[in-house]
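Trainee: Got a structure for you, questions after.
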Amino acid sequence: MAGNDWINGYLEAILDVGSSLRKRNDGKLKIARFEESKEKEDKSFSPTKYFVEEVINSFDESDLHRTWVKVIATRNTRERSNRLENMCWRIWHLARKKKKIAWDDAQRLARRRLEREQGRNDAADDLSELSEGEKEKGDSNPSEPVRDFTRINSEMQIWSDEEKPRRLYIVLISIHGLVRGENMELGRDSDTGGQVKYVVELARALANTKGVYRVDLLTRQISSPDVDSSYGEPIEMLSCPPDGSGSCGAYIVRIPCGPATSNQSFLLFLQSPREQVNGGKPTWPYVIHGHYADAGEVASHLSGALNVPMVLTGHSLGRNKFEQLLKQGRLSREDINATYKIMRRIEAEELGLDASEMVVTSTKQEIEEQWGLYDGFDLKLERKLRVRRRRGVSCLGRNMPRMVVIPPGMDFSYVTKQDSLEGDLKSLIGSDRTQTKRNLPPIWSEVMRFFTNPHKPTILALSRPDPKKNVTTLLKAFGECQRLRELANLTLILGNRDDIEEMSNSSSVVLTTVLKLIDKYDLYGQVAYPKHHKQSEVPDIYRLAAKTKGVFINPALVEPFGLTLIEAAAYGLPVVATKNGGPVDILKALNNGLLVDPHDQKAIADALLKLVADKNLWTECRKNGLKNIHRFSWPEHCRNYLSHVEHCRNRHPTSRLEITPIPEEPMSDSLKDVEDLSLRFSIEGDPKLNGELDAATRQRN
């Protein structure tokens, strides 16, 4: 084994040094310092011993073998010792460098741990200023008592009725559907639904809030023989406070505009001379609030042109609808886009999101699962940017709107005192129907004429005849559950119609399918589907269902909020609702019903059967709904809304847009070179880059 002769050299050196010179720590040899090896013995320094003691156990054996071969190959002992000494010194320096690198890494890790700990402490201090619902679950301290927190930031002052005199002018924009103050034609088409009712009632409620001088709801002026002439009236008063004067109150302002001139038309209205208030100064919008994707795009242009903060409410979001339609599997991506123009809608929503200071949502689910799908919003980044702005730290040019949860309110003035449930319809109608029929609301007779046995509990569904409302799945669930058909009737209030063939394609398809399913399952005498109803008769429809100890159901594929669920609860009806969207938060607050998968027919039937058959459960849900309904009122909504709006970034309204640095968000160093590139807009001339106007405009200026 001539190749292993080098091992004998190792052994001889080790025997010479002696085992007492070895140091062990946890079974491993440690590298001793060069200076220590000189102090251990008074003898002259031996590079061979140092090599064995300090180096041999810390490096790869094959490398040491090659080194030792080179040492043995030397001709004499002196050269051999010098060669080995040089080798040892080189290895020793490498070992010191390795130790230094390890030491630097350890120091870096220690600093990182300290920075992370400091960051957690700072974040805990900063997040304590945010609402409790926005904190991470792991940040809470279980040893501390749980306290109730308001929905808004702790530093924010709740808007009070005793607020110092203010004369706010708020502009709402909703160009979606047919908008009017009285007898709204909800369900007439796919665009005229709960969102129209929401913006009208919001305008009224804000105008009745102290501190608000005027609210204008801007919409399109529609002059057509196909619709009522009221949609062509330029201005409609919604409300005027009793102590108001001048033009205060809430108004619907209808502006003539076309596809290419909508932004200019709305801007011309807002730029026109306004009534002199606030000490003789012109009234500028305190905030511009866009509702839905189309109005959000218009509001983003107006906000930029007037330099006024913008607020956005999405209502129903395109990306979420796109995913739900894909999940159904009936249409391809191309067909969905061709039918609904979904990509154009998403583009408008992204634009509105980028321009908004604040986005009003109805539920937390809308923030996390719906707005989270958009490129312009990231939940974690939004929280971090908010904390950085509050601490005065640069956001490096990043901006993201604040997401706030403010559930819609309800006008409880329409809710009459709850009737006693001791007398059901049989006792109300009596044995001789002709004697008491004149005392019943007309819509009751219109509904009951469909039923063979009108005394059974009524399952009520009230919506537009729209595919996403999922009424056909409800009808299949009812038709295929014999037990449910024996215990209850089904009432479908699906808008107003004269001739199904004259309705829009999607509405006519839904209604035609409903009639076919009624015939398929032979549901005649068990399902009511009246052709007409007035908006003022909706409370009576809820009361009818409550009188029969029935249930309200909203089986929509996705429900952005679900205002009808709150209305039903106000009249004492337990509810069954989709688990996709706002109903999750509503039922969590009211605790008056059950959530179901809208794609699962059996789950829908089982939930309805459970509430109809179990009277104790029905009574408990009814009581819970009536007890908690006060959480959803317009005064509460307006106080929260104005409290949040008050903290939008301060701006100086102007007829021109000039991009100026914002103190709390300094411009990133990487963007300073392009600071001179700005967009200036003048209503008096054509918009140009870098503030250029035509010659005529420059002369007028």
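No lab work stands behind these numbers, since they all come straight from the coordinates. Note that the coordinates shown come from a computational prediction; the quantities given were computed from them, not determined experimentally. Please note: Cβ atoms are built from the backbone with ideal geometry, for glycine as well, and neighbour counts cover all protein chains shown.
Trainee: For the range 397-409, just list the computed ³J(HN,Hα) in residue order, Karplus coefficients 6.51, -1.76 and 1.60, θ = phi - 60°, integers in Hz, with x standing in for Gly and Pro.
Mentor: x, 7, 9, 8, x, 6, 9, 10, 9, 9, x, x, x
Trainee: For each of L351, L238, count neighbouring Cβ atoms within 10 Å of the residue's Cβ, then give the residues from fewest to most.
Mentor: Sorted ascending by nearby Cβ count, the order is L351, L238.
Trainee: Now a separate question. Which residues in the range 465-509 have a backbone N closer than 20 Å to a point placed 7 Å from the Cα of H532 along the Cα-to-Cβ line?
Mentor: 465, 492-504, 508, by backbone N distance to the label point.
Trainee: Work out the P(r) tail for the range 455-575: percent of alpha carbon pairs separated by more than 19 Å, whole number.
Mentor: Of the Cα pairs, 46 percent sit more than 19 Å apart.
Trainee: Placing +1 on the Cβ of each Lys and Arg and -1 on the Cβ of each Asp and Glu in the range 420-632, which of L609, L517, T473 has its Cα farthest towards the positive end of the resulting dipole?
Mentor: Of the options given, the answer is L609.
Trainee: Could I get the Rg over Rh figure for the range 420-632? Both from C-alpha atoms, Rh via Kirkwood, rounded to two places.
Mentor: When Rh is taken as the Kirkwood radius, the ratio is 0.94.
Trainee: By counting other Cβ atoms within 10 Å of each Cβ, how are W371, W618 ranked from fewest to most?
Mentor: Sorted ascending by nearby Cβ count, the order is W618, W371.
Trainee: To continue, here is another question. Could you put L396, L206 in order, starting from the residue whose Cβ has the fewest other Cβ atoms within 10 Å?
Mentor: L396, L206
Trainee: If you don't mind, another one. Quick one: of K364/K384; K380/K468; K321/K549; K197/K476; K327/K588, which pairs are farther than 28 Å apart, Cα to Cα?
Mentor: Where the Cα-Cα span goes over 28 Å, the pairs concerned are K380/K468; K321/K549; K197/K476.
Trainee: Also: Take peptides 586-592, 547-553 and line them up by average Cβ neighbours within 10 Å, highest first, as a rough protection proxy.
Mentor: Listed from highest to lowest mean packing, they are 547-553, 586-592.
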